[in-house]
Amino acid sequence: MTAARQSFYSGIRLALPIVLGYLAIGMAFGVLARTSGLSVGEVAAMSILVYAGSSQFIGTSMLAAGAAPGAIVATTFLVNLRHLLMSAALAPSVSALPPRRQAVLAFWLTDETFVAATTELEGRPASGAFLAGLFWTSHVAWVLATVGGAWLGGRLAWLSHWGLDFALPAMFIALLVMQLNERRHVAVAILAALLSVLGAVYLPANYNVLAATVLAAAAGAAWPARTEGAS
Amino acid sequence: MRAQVLLVILGMAVVTYLPRALPMTVLSRMKLPEAFRRWLGFVPVAVLAALLGPALLLPSGGWQPVRENLPLLASLPAFWVAGKTRDLLGTVLTGLATMALLVALRRLGVG
């Protein structure tokens with residue numbers, strides 16, 4: 001077996017927990033999208049072209065609410081701004097790959113594949129085959145789960161009565177806790193959550209997430225680390 | 001497929017792709033100011049918490065008594081498992097199982 005093929009398979013293995021998570025969340029999304037009026041084809045197009053869980057949930061609920069296309073796209077953009085940092089953080093591991101390859105692989109960067117890749121690589125260079133195995137497996141699982149959920153549609157609606165849509169917040173909980181490495185992170189998280197709740201009450205739809213993120217991250221950055229003050 | 005929905009999907013695809021690709025391909029070749037990088041370092045924690053806060057405290061858009069707020073109740077074991085194991089799948093399954101249990105208890109008139 002060639003080294004590239006081995007890397008590809010190790011990427012697939014790393015994707016397996018993500019696949020199970022995506023199956024649950026993707027099914028929930030498919031059912032929800034169908035009951036919100038999207039067709040199976042529209043769900044497939046969204047999962048293939050957009051491939052972002054929280055954006056798709058938010059976009060679908062805004063479509064169902066009859067929001068303006070510009071507002072939906074702008075909100076999606078705000079929700080996705082967090083990927084800027086993940087993309088920057090992964091850059092050193094792909095700097096040896098050709099720029100065009102980087103630009104193609106970046107399409108598959110999600111919260112979950114980012115956490116899996118960075119945890120596995122620990123800053124070491126990634127082979128294109130490894131990332132392809134991880135990324136493609138995750139994307140295939142997402143498309144199959146969402147289209148399957150949409151196709152079964154009403155027949156699976158009972159699942160949402162049992163709280164299947166809680167899979168998304170539960171995944172956010174796991175990703176958040178994985179990033180709480182110091183006390184400042186906990187403080188920033190609590191501040192962001194409270195600001196976001198206040199914003200949800202007082203700001204127009206979904207601007208609360210961006211406003212709370214910008215302010216809470218600024219508070220964290222302005223709060224000097226203890227070692228800096230001592231040195 | 002409706003043309004307007006397809007247009008929205010294409011727009012969403014573009015604004016989802018750009019933040020994924022730009023830093024990796026462009027910013028990695030530039031030197032970012034230290035203060036900006038420190039701020040960026042808090043963004044993942046802040047954005048996940050900002051998404052979670054309303055999802056848990058204002059489910060279905062408004063405040064509910066804690067006893068009736070199933071997402072908030074189900075988040076407690078999920079947080080506990082996440083802290084103990086740092087395991088994505090285990091946390092999701094714990095959250096979903098707790099949620100199903102809470103729904104079942106409520107249907108039985110216990111919760």
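Every number here is computed from the coordinates shown, using simple stated rules; none is lab data. Remember, it's a predicted structure, so these values are computed and weren't measured experimentally. Heads up, the Cβs are rebuilt from the backbone with ideal geometry, glycines too, and the neighbour counts pull from every protein chain shown.
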Worksheet item: For labels at B:Glu68 and B:Ala97 in the simple 7 Å Cα→Cβ model, what's the distance in nm?
Response: 2.9 nm
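Per residue of A:65-76, count partner chain C-beta atoms within 10 Å of its C-beta, then hand back the mean as an integer.
Whole-number average of other-chain Cβ neighbours for A:65-76 is 3.
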Worksheet, complete the sentence: Taking alpha-carbon centroids only, region A:128-155 lies from region B:46-111 a number of Å equal to 25 Å
Fill in: Square roots of five times the Cα gyration tensor eigenvalues for chain B, Å
36, 22, 14
Response to the item:
Quick shape check on the protein assembly as shown: root eigenvalues a ≥ b ≥ c of the Cα gyration tensor, a/c under 1.5 is rounded, otherwise prolate if a/b tops b/c, else oblate, and it reads rounded
Worksheet item: Shape call for region A:119-231 from the C-alpha gyration tensor, a ≥ b ≥ c root eigenvalues: rounded (a/c under 1.5), prolate (a/b greater than b/c) or oblate?
Response: oblate
Fill in: Summed residue charge, Cβ within 15 Å of A:Ala44's Cβ, Lys/Arg positive, Asp/Glu negative
+1
Worksheet item: With each label point set 7 Å from Cα along the Cα-Cβ vector, what nm distance links A:Ala96 and A:Ile48?
Response: 3.4 nm
Response to the item:
Heads up, region A:59-184 by the C-alpha gyration tensor (a ≥ b ≥ c square roots of eigenvalues; a/c under 1.5 rounded, else a/b over b/c prolate, else oblate) looks prolate
Response to the item:
Taking R0 as 51 Å and r as the Cβ-Cβ distance between A:Val201 and A:Glu122, the FRET efficiency 1/(1 + (r/R0)^6), rounded to the nearest 0.05, comes to 0.80
Item to complete: Using only atoms on other chains, find how many Cβ atoms lie within 10 Å of each Cβ of peptide B:81-91 and report the average.
Response: 6
Worksheet item: Relative to a virtual label point 7 Å from the Cα of A:Ala74 in the Cα→beta-carbon direction, which members of region A:185-224 show backbone nitrogen distances below 15 Å?
Response: A:203-211
Worksheet item: Under the definition of Cα pairs under 8 Å and six or more residues apart, what whole-number percent is the relative contact order of region A:161-224?
Response: 29 percent
Discussion item. Angle check, please: helix B:3-25 long axis (alpha carbons) against the longest principal axis of chain B (alpha carbons), in degrees 0 to 90, nearest 10.
Written reply: 70 degrees
Discussion item. Calculate the FRET efficiency for A:Arg183 and B:Ala35 from the Cβ-Cβ distance with a Förster distance of 25 Å, rounded to the nearest 0.05.
Written reply: 0.75
Practice prompt. Go ahead and collect, in residue order, the members of region A:63-82 whose backbone nitrogen is under 19 Å from a label point 7 Å along the Cα-Cβ direction of A:Ser39.
Written response: A:63-66
Worksheet, complete the sentence: Inter-chain shielding metric for A:182-194, i.e. average beta-carbon neighbours from other chains within 10 angstrom, reads 5
Worksheet item: Which is the longest part of chain A that has none of the GluC sites (Glu not before Pro) sitting in a DSSP loop with at most 15 other Cβ atoms within 10 Å?
Response: A:1-121
Worksheet item: Across bins of 10 angstrom width beginning at 0, how are the C-alpha pair distances of region A:71-125 distributed, in whole percent?
Response: 21, 53, 21, 5
Practice prompt. Once you've got the GNM for chain A with C-alpha springs shorter than 10 Å, pick whichever of A:Gly21, A:Gly163, A:Gly153 has the biggest mean-square fluctuation.
Written response: A:Gly163
Item to complete: Go through A:165-177, B:54-66, A:54-66, A:75-87 and give me the packing order, highest mean Cβ count within 10 Å leading.
Response: A:165-177, A:75-87, A:54-66, B:54-66
